[in-house]
Amino acid sequence: MQTPQPVQQPDQIHATVLLDRSGSMNSLREQVITGFNTFLAEQRSSITNATALAVSLMQFDGQEPFHVAIDALPAAEVIDLEWADYKPRGSTPLLDAIGRLIETLDHRIADPSHADEEQIICIITDGAENASTDFNPHQIKELIEARTEAGFAFIFLGANQDSFTAAETLGMQRGNTRNFAPSGPGARRVFEEVSGTVAQQRGRTPEERLFQKDELLAARIPEGEILGVEPLGQEPNGRPHR
């Protein structure tokens with residue numbers, strides 16, 4: 001597999017959400033659908049003169065390790081998810097999903113019309129790998145490190161695990177990694193941060209985006225914070241207790 005060359009002057013951002021669809025996500029189904037649709041709405045009404053955005057949604061589970069739900073559509077053209085579009089089931093073939101996604105993105109940017117496109121990959125999972133057959137951690141780490149060097153940005157948001165250890169094992173940056181609570185509030189915060197991060201990048205120059213790509217979450221969320229868990233002394237609305 002050929003490693004793509006570093007991105008120099010991207011004129012479009014392609015944000016891909018790689019979403020866990022394993023059975024344990026069923027309790028978060030409503031919040032995931034609502035959160036993703038809110039992300040879409042915010043990107044459609046994003047800041048004036050923002051960088052153009054294409055959106056992809058890939059889902060993975062033990063029955064279908066890599067399902068393309070939305071394939072690089074302009075944000076304004078993406079239709080909201082409905083209840084039937086996200087059906088959690090089965091196990092968690094995370095490595096196979098990441099490997100297949102990278103292959104898909106490599107094929108996309110091999111097309112000269114997409115060669116200068118900036119890639120942001122947001123991986124959302126509520127559990128550890130337990131079902132992959134085609135890729136191992138070493139292979140995925142090599143792929144991610146090579147693509148990061150070429151200009152890709154990988155974000156890892158995980159629950160029910162030490163997300164920092166999981167992400168670092170696969171070659172992802174601590175500044176792009178955070179934990180979330182496996183709860184409704186946790187799922188909502190995940191998509192709030194994905195949307196905010198993408199919007200921030202769209203408002204930056206290409207040089208600023210390249211400089212920030214390994215620290216996308218670091219300036220937004222303290223490393224020790226678990227998304228969806230209010231800090232001590234805070235009420236759910238974020239105000240301090242009196």
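A short reminder: the numbers here are calculations on the coordinates, not readings from a lab. Just so it is clear, the model here is predicted, and its values are computed rather than measured. All Cβ positions, glycine included, derive from the backbone under ideal geometry; neighbour counts span all protein chains shown.
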* Nearest-5 percent of antiparallel DSSP beta bridges in the chain? -> 20 percent
* Structure fact -> Per residue, the convex hull enclosing the alpha carbons of the stretch 70-201 has a volume in Å³ of 129 Å³
* Cα centroids of the stretch 10-59 and the stretch 115-188: how far apart, whole angstrom? -> 16 Å
* Structure fact -> Here P(r) for the stretch 1-160, Cα-Cα distances in 5 Å bins, as whole percents, is 2, 9, 18, 22, 20, 15, 10, 4, 0
* About the Cα centre of the chain, how large is the charge dipole given +1 on each Lys and Arg Cβ and -1 on each Asp and Glu Cβ? Please answer in debye to the nearest 20. => 620 debye
* Asked: Once the Cβ-Cβ distance between S113 and I79 is put in as r, and R0 is 35 Å, what FRET efficiency do you end up with, to the nearest 0.05?
  -> 0.90
* **Relative packing of 78-86, 223-231, 64-72, which averages over residues the other C-beta atoms within 10 Å, highest first** => 64-72, 223-231, 78-86
* To do: Work through the residues other than Q173 whose Cβ is under 13 Å from its Cβ and net out their charges, Lys, Arg +1 and Asp, Glu -1.
  => -1
* To do: Show the residues, 5+ positions off or on another chain, whose built amide H is closer than 5 Å to the amide H of L227.
  => N179, F180, A181
* Asked: Helix-derived [θ] at 222 nm for the chain: sum -39500 (n - 2.57) over DSSP H runs of at least 4, divide by residue count, nearest 500?
  -> -10000 deg cm²/dmol
